[in-house]
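Notes follow once the structure below has been shown.
The values are calculated or read from the model by the stated rules, or taken from the named source; none is laboratory data. The structure displayed is predicted, hence computed values, not measured ones. No Cβ is skipped: glycine too gets one built from the backbone with ideal geometry, and neighbour counts run over all protein chains shown. Note: areas computed on protein heavy atoms with side chains; ligands, DNA, RNA excluded. Shrake-Rupley method; radii C 1.70, N 1.55, O 1.52, S 1.80 Å.
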Amino acid sequence: QGAAALQQDLVGRRVVISAGGTREPLDPVRFLGNRSSGKQGWALARVAAARGADVVLVAANVELPAPFGVRVVDVGTAEELRAAMLAEAVDSGQGAADVVVMTAAVADFRPENVATTKLKKDSAAEPSSVPLARNPDVLVELVTKRAAGQLVVGFAAETGDDEGDVLAHGRAKLARKGCDLLVVNDVSGGQAFGRPDNAAVVLGADGSAVEVPRGSKDAVAAAIWTAVAPRLGRPTD
Ligand code: CTP
Ligand code: CA
């Protein structure tokens with residue numbers, strides 16, 4: 001642990017991490033959301049900064065103090081998260097980021113219509129359903145627009161089912177998304193959300209699989225960076 005604290009394997013690297021969960025408005029006071037706490041993304045940012053990286057956190061509805069030395073860009077919806085990720089990781093004035101990590105739980109759908117005034121229960125037409133529109137897939141877009149040498153890392157919480165086990169779903173998702181690494185969480189037992197600890201397997205597009213033992217989110221973050229750092233090319237200035 002002492003040696004890990006002194007590790008400086010991310011000096012000179014620009015890292016952009018999304019965290020939290022998007023909220024898709026129905027009206028000025030209501031939204032469709034999810035339970036992502038943002039803690040794993042925060043831990044990744046904290047550890048990357050401690051190892052010397054220049055870190056930006058694109059935070060969707062996270063109420064945690066900014067980790068030391070990390071710039072936080074607050075967003076609400078998937079569309080805002082998309083715009084912020086592209087601005088920070090692809091089109092920033094400093095050139096493309098070295099690593100992009102998508103830990104945010106991005107809503108797959110949003111209400112198709114957003115009321116400009118609060119929906120009232122006694123209005124003429126009581127709604128029986130909410131029409132939804134599909135949100136953009138930010139990870140896929142980042143992969144499509146990735147710069148040479150840039151590493152793109154996705155996250156996935158999976159459960160086993162009739163179609164396959166957790167790792168089979170992870171492998172299929174990694175291939176579908178086209179990212180370099182996919183960090184797969186097994187959430188079969190209803191674990192993970194809001195919990196302080198975590199466990200994962202880091203799957204690589206090259207067929208590799210690195211098991212991250214159960215531990216604190218900081219320990220998991222450290223193990224993830226240890227898997228990522230050797231994959232980065234020589235630092236540029
Ligand atoms: N993701 C994204 N944009 C979306 C949905 C997901 O960028 N609209 C990213 C997440 O941040 C995560 C990865 O894609 O890094 C996997 O998210 P997940 O919800 O597991 O993937 P989906 O393709 O939406 O698959 P599923 O049908 O299992 O929800
Ligand atoms: Ca999804």
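A few points about this structure:
- The sole residue among Val15, Val62 that is aliphatic (A, V, I, L, M), surrounded by fewer than 24 Cβ atoms within 10 Å (Cβ to Cβ), within 22 Å of Ser92 (Cβ to Cβ) and in contact with a strand residue (DSSP E or B) (Cβ under 6 Å, 6 or more places away or on another chain) is Val62.
- Some residue of the range 138-146 being among the hydroxyl-bearing types (Ser, Thr, Tyr), part of a loop (DSSP other than H, G, I, E, B) and either open to solvent by 70 Å² or more (accessible area, probe 1.4 Å) or under 25 Å from Ala200 (Cα atoms) (or both): no
- Any hit, the range 149-160, residues being of a type in the set (D, E, K, R), more than 8 Å from ligand 1 (Cβ to nearest atom) and not in a loop (DSSP other than H, G, I, E, B): no
- Some residue of the range 88-109 being within 16 Å of ligand 2 (Cβ to nearest atom), open to solvent by 70 Å² or more (accessible area, probe 1.4 Å), in contact (Cβ under 8 Å) with a residue 24 or more places away in the chain and more than 15 Å from Ala19 (Cα to Cα): yes
- For the range 115-136, a residue qualifies if it is out of contact with any helix residue (DSSP H, G or I) (no Cβ under 8 Å at 6 or more places or on another chain) and within 12 Å of ligand 2 (Cβ to nearest atom), and exactly one does: Arg134.
- The range 148-178, residues that are touching a residue at least 60 places away in the same chain (Cβ under 8 Å) and either surrounded by fewer than 18 Cβ atoms within 10 Å (Cβ to Cβ) or out of contact with any Asp or Glu (no Cβ under 7 Å at 6 or more places or on another chain) (or both): Gly149, Phe155
- Which numbered condition Glu112 fails, given (1) out of contact with any Lys or Arg (no Cβ under 7 Å at 6 or more places or on another chain); (2) within 16 Å of ligand 2 (Cβ to nearest atom): (2)
- The listed residues are Arg71, Arg82, and the only one of them that is away from ligand 1 (no atom under 16 Å from the Cβ), modelled with pLDDT of 95 or more and not β-branched (Val, Ile, Thr) turns out to be Arg71.
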